[in-house]
Amino acid sequence: MWLVASYQPVALFTLKVGTATATEGKTLLVPTPFAIRTALLDVAIRLGGERNGRAAFDLLRTLDIAVAPPAYAVVTNLFARILKPTRGDKESDEAMTRTIAFREYVHYTGTLSLAFGGEEGALRPLAGWLAHLTYLGRRGGFFQFLPPPAWHEPPGYPDGFTRLTQAAGESFPLGVLQLLDDWGPSLTYEKVNVFAG
C-alpha cells in the first residue's frame, strides 16, 4: 500500500546537500528521505511524547518514500553576511568572525506530494502524523497540509511520483540527479534522540 499526502508550499524551501560546508548553501530541489523521516519522527514525538519515539523510529525506517514535486521550481541564490565562530588557530579577542555565505532557495509553484509505501497496518499511525508535518528541510521551509491523505494500492507506486528509496538492483529513471541522504543501517534511535546524552 501507498499513503499519499499533498502539501502547499507557503515559504521558500532550502535544504543543503549533506556534504556542504557552513558557508556553502547550494540547495536540493526536493526534501531527502532523511529530512522527511526526521521531520515525521519530530511530529510523532511532539504528538505522542518521547516514550513513543522508538516505535516511530522503527516504523519510519521501514517505509518506502516517493515524491511528486510541484510543476515548477525557481531557484534563487544570494550571498549573505553571517557570523561564524573564530577558529582556534587564529589569535583574536572576538568569539565570532564576520564572513559571507552562499545560499540558495527554491520557490515552488504547485503542490509537493509525498507517498509512503509499506504494510497498511504500519501506515495507519503515519496517516495521523501527516497533518502535523508543517516544515521540510530547514526550519522555516513551511508547508500547508492539503487533506485528506489518499490510499493507493499496488501494483507499483502512484503515477507521477519518483521513488526516492530504491531496492538493490532496481533501475532508476534518468532526470536531474542529486545526492539524497537517508537513514543508514547504522543509525539508531539513541543517535537521533535529542533527549539522550
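Numerical summary
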item: Which listed residue is more than 25 Å from residue 22 (Cα to Cα) and modelled with pLDDT of 90 or more, from 115, 122, 168, 196; result: 115
item: Failed criterion for residue 58 (all others in (1) within 30 Å of residue 188 (Cβ to Cβ); (2) part of a strand (DSSP E or B); (3) acidic (Asp, Glu) hold); result: (2)
item: Candidates 98, 61, 103 - the one that is touching a Ser or Thr at 6+ places or on another chain (Cβ under 8 Å) and among the basic types (Lys, Arg); result: 103
item: Residue that is of a type in the set (Ser, Thr, Tyr), at pLDDT below 90 and farther than 21 Å from residue 132 by Cβ, where the choices are 76, 23; result: 23
item: Leading residue by the ranking (modelled with the lowest pLDDT) among those in the range 35-49 that are over 15 Å from residue 131 (Cα atoms) and surrounded by fewer than 19 Cβ atoms within 10 Å (Cβ to Cβ); result: 49
item: Number of positions in the range 16-34 that are open to solvent by 30 Å² or more (accessible area, probe 1.4 Å) and out of contact with any Asp or Glu (no Cβ under 7 Å at 6 or more places or on another chain); result: 8
item: Verdict on residue 117 being in contact with a Phe, Trp or Tyr (Cβ under 6 Å, 6 or more places away or on another chain), touching a residue at least 40 places away in the same chain (Cβ under 8 Å) and within 29 Å of residue 71 (Cα to Cα); result: yes
item: First in the range 44-68 and more than 19 Å from residue 2 (Cα to Cα) and among the charged types (D, E, K, R), second anywhere and part of a strand (DSSP E or B) and open to solvent by 20 Å² or more (accessible area, probe 1.4 Å), Cβ under 8 Å, 6 or more apart; result: none
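Condition check ((1) open to solvent by less than 80 Å² (accessible area, probe 1.4 Å); (2) touching a Ser or Thr at 6+ places or on another chain (Cβ under 6 Å)) across all residues:
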{"residue": "57", "(1), (2)": "yes, no"}
{"residue": "72", "(1), (2)": "no, yes"}
{"residue": "110", "(1), (2)": "yes, no"}
{"residue": "115", "(1), (2)": "yes, no"}
{"residue": "119", "(1), (2)": "no, no"}
{"residue": "149", "(1), (2)": "yes, no"}
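The values are calculated or read from the model by the stated rules, or taken from the named source; none is laboratory data. Model, not experiment: these values are computed from the prediction. Cβ: placed from backbone, ideal geometry, glycine included. Neighbour counts: every protein chain shown. The area values use the complete protein model at the heavy-atom level, side chains included, leaving out ligands, DNA and RNA. Shrake-Rupley method; radii C 1.70, N 1.55, O 1.52, S 1.80 Å.
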